[in-house]
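Below is one structure, written out as structure tokens, with a few remarks after it.
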Amino acid sequence: MSGTRDQILGSIRAGLGRGRLDVQAISALEDRVRTHRRNLIPARAAALDHQGQIDLFVAMAEEVHATFTRVTDVDAVPGAVADYLAGQNLPARLVMTPDPKLDDVPWDKAPLLDIHKGIAADDDAVGVTACHAAVAETGTLMLVSGPDSPTRNNFLPDTHIVVLRAGQVVASYEDGWDRLRAKGAMPRTVNFISGPSRTGDIEQRMVLGAHGPRRLHIVLIDDARA
Amino acid sequence: MQPTSHDFKANAHRALGDPNLQRAMDMMRTGFPVNRAAAIARLPEFDALRDEGIAIKNHVIANLDFYLETFEKNVVAQGGKVHWCRDAAQARETILGICRDAGAKTVTKGKSMVSEEIALNDYLEANGVTPVETDLGEYIVQIRHETPSHIIAPAVHLVKEQVAESFRATHTHLPPDRPLDEARVMCDEARTVLRAKFLSADIGITGANFLIAETGSSIIVTNEGNGDLTQTLPKAHIVLASLEKVVPTLEDASTLLRLLARSATGQEFSTYTTVSTGPRRADDTDGPAAYHVVLLDNGRTALLGGEFQDMLRCIRCAACLNHCPVYGAVGGHAYGWVYSGPMGAVLTPSLIGIEEAGNLPNASTFCGRCESVCPMRIPLPRMMRSWREREFARRLSPQAQRWGLAVWAYVARRPRLYRWVSAMTSHILSLVGGTRGRFRTLPLVAGWTDTRDMPAPEGRSFMSQWAAREKRS
């Protein structure tokens, strides 16, 4: 296999009409990677103040069929989840990631919710997760995997409920990357999620709920507005 | 798959007479281009982003060896493995080897055109590993024993009645008289069937839209979430990617992602964009235990330094297919291999040879829409022209066409003769065309007159009118 590797690298250099890059060229390229400079960021979200970004996030996510409950206090989250499930005629049993970001939610305020923490199974109809960030530009949630946030919980349950804090809303994907880099190592999986799963593969008619969730509901804790 | 690109003319002829295909193509022509235009109108920076995207890709191509080595180094640092493969056979064997080592019986697959390119499914099946396509469109073509007809919408050539028929024939465990008249119902049925496959698969194979040198990550975009279940649930994740997919940083990928979905389906962003880096971490509770990247050349490095090098910028958005009048008329299967439309007409001869695919660059009206909608501004018409010149130079085009061109060239190089011949021809045609002003049939151009009338010249040629005017003044 290393023979193949050398062959391929050799044909690249031959095709480009040069030999190996010299030390200076390599160090300039390494710098480019290390500094990971931003390219152009559209003004759409970047030019707004934070409250404007939150409103844009909501509008863009609703456009792709995410739904919202906006609350002003973390204490209102359990009620919002319970009301949403009741309103959709969905069971009150849910699987929740053991994410510490959900720890300050007083879940016992909604005693009818039957919550079990852990990894989602195929028969879990409703899942609740936290998230890493929310990108206003396109209404896109950013979720990362980790010991307390298994990736399958974002995909197996039919209904995915995400608890989002206003402070997590950022303008661009690049802002999301910066926040992730600040936390340290790259997680196994980063999921950018814009609305519920969909397909247009049969006659280009859009159908929600292809393989992932049919519903994406976001409980936004708008504590900045409170 | 055995290419039938050499039969493009016959394939196209059949396609034009296929009522289902024509109905399906009508729906495509009205869908994607309208959505793309609307998405781009909403983003004033779109053209500036295009220029940046092009600069990123050109920079990567000029330093491809560095970025591939950096990518490999970082994949390894994250606990993954890179397998360099020169050609399709080597890639197939490598993947089978990984499956055998893991004792895999079934693999689920996210949509990957490179997997079509190396004809992976047939090979795995012949060697006792069952591949299950999980993208709905790709699943439909798999159960129909067809190939995708579009690089992002594999089943775009089908109408829903055909899908229903295939579901009845395949899902025999369900009541045969169940209603299947809506996309919604068929989607639910496929979801249930495929959910079981996701849960039982041993290995998941996906393609990659981008590979990130900085982090050793691979990125896929889907709308269904199938690529995510494919790579999250099984024991191992194999990424099959051609080597020009590498980009330097997450920021560079973000710029290109802003172009991809808008150009492809007219979405602001695909529903799921997934960045995968190595296998699951020691304390993760899910994710694949192994992460392999099969990095395929298969003719790409041969494009470097030549007149088709810019083709390596292609991000496979399919805008050129969606806007091509030829693709819109005949669909993707007529092109006879994996890639179709303008990008296929340029790429296919590069990858499988001009002897087989020399016909494809002729499948163009040179209207230029492909280049104008390409987010990477790839000069597709110029490249098709280059292939035509090569085809002519290598005497691969039909004898009659070569004679015709030789006669035309002889006349065109002699202005007096050219003017005389064109004046005579238009005079005669206008006499014969008479008051109706059009021809129902004409010798030698039945391909034109079979489906429409040929307008008759109105009389004297421009040159002779010009000469007369000059004389008068």
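Each reported figure results from applying straightforward, stated rules to the coordinates on display, with no laboratory input. Treat the numbers as computed from the prediction; the structure is a model and nothing was measured. Heads up, the Cβs are rebuilt from the backbone with ideal geometry, glycines too, and the neighbour counts pull from every protein chain shown.
Per-residue ellipticity at 222 nm for chain A, helices alone: DSSP H runs ≥ 4 residues times -39500 (n - 2.57), over residue total, nearest 500 deg cm²/dmol?
It comes out at -9000 deg cm²/dmol, rounded to the nearest 500.
Once you average over the residues of B:215-223, how many Cβ atoms of partner chains fall within 10 Å of each Cβ?
4
Checking the a/c ratio against 1.5 first, then a/b against b/c, what shape does the Cα gyration tensor give for region A:42-221?
In terms of gyration-tensor shape, rounded.
Could you please rank A:198, B:452, B:191, placing first whichever residue has the fewest other Cβ atoms within 10 Å of its Cβ?
Working: A:198 26, B:452 9, B:191 21.
By the 10 Å Cβ count, ascending: B:452, B:191, A:198.
Counting other beta carbons within 10 Å of each Cβ, put A:72, B:222, B:435, B:70 in order, fewest first.
Listing A:72, B:222, B:435, B:70 from fewest to most nearby Cβ atoms yields B:435, A:72, B:70, B:222.
Between rounded, prolate and oblate, where does region B:362-473 land on the alpha carbon gyration tensor, with a ≥ b ≥ c its root eigenvalues, rounded for a/c under 1.5, else prolate if a/b exceeds b/c?
Prolate is the answer for region B:362-473, as a/c is 1.5 or above and a/b outweighs b/c.
State to the nearest 20 debye the size of the charge dipole of region B:411-472 about its Cα centre, where the only charges are +1 on K and R beta carbons and -1 on D and E beta carbons.
340 debye
So between residue B:446 and residue B:101, what do we pick up on full extension, going 0.36 nm a residue minus the alpha carbon distance?
Computed gain between residue B:446 and residue B:101 is 118.4 nm.
In region B:181-286, if the dipole is taken from +1 on Lys/Arg beta carbons and -1 on Asp/Glu beta carbons about the Cα centre, which of B:253, B:237, B:219 is farthest to the positive end?
With unit charges placed on the Cβ atoms, the residue in question is B:237.
So which trypsin sites (Lys or Arg not before Pro) in region A:30-94 pass both tests, a DSSP loop state and at most 15 other Cβ atoms within 10 Å of the Cβ?
A:37
Among B:298, B:428, B:352, flag the residue with its Cα farthest along the positive direction of the charge dipole of chain B, charges on Cβ as +1 for Lys/Arg and -1 for Asp/Glu.
B:428
Is the shape of the protein assembly as shown rounded, prolate or oblate, going by the alpha carbon gyration tensor and its root eigenvalues a ≥ b ≥ c, with a/c under 1.5 for rounded and a/b larger than b/c for prolate?
prolate
Would you mind computing, in nm to one decimal, how far apart the modelled labels at residue B:409 and residue B:169 are, each placed 7 Å from Cα along Cα→Cβ?
4.8 nm
Determine the relative contact order of region B:13-169: mean sequence separation of Cα pairs under 8 Å and six or more apart, normalised by residue count, in whole percent.
That works out to 22 percent.
Among the listed pairs B:81/B:235; A:117/B:81; B:57/B:197; B:73/B:197, which are separated by more than 25 Å between their Cα atoms? Please report the intermediate quantities before stating the final value.
Values: B:81/B:235 15 Å; A:117/B:81 33 Å; B:57/B:197 37 Å; B:73/B:197 33 Å.
Pairs exceeding the cut-off: A:117/B:81; B:57/B:197; B:73/B:197.
What ranking do A:159, B:108 get, fewest neighbouring Cβ atoms within 10 angstrom at the top?
Placing the least packed residue first, the sequence is A:159, B:108.
Given charges of +1 on the Cβ of Lys and Arg and -1 on the Cβ of Asp and Glu, with all other atoms neutral, how large is the dipole of the protein assembly as shown about its Cα centre, in debye to the nearest 20?
Magnitude of the dipole: close to 3500 debye.
Taking the Cα centre of chain B as origin, sum charge times position over the Cβ atoms of Lys and Arg (+1) and Asp and Glu (-1), and report the length of that vector in debye to the nearest 20. List each step's numbers first, then the result.
Values: 54 positive and 51 negative charges, 518 e Å.
Charge dipole of chain B: 2480 debye, to the nearest 20.
Put +1 on the Cβ of each Lys and Arg and -1 on the Cβ of each Asp and Glu in the protein assembly as shown; which of A:182, A:86, B:326 then has its Cα farthest toward the positive end of the dipole?
Among A:182, A:86, B:326, the one farthest towards the positive end of the dipole of the protein assembly as shown is B:326.
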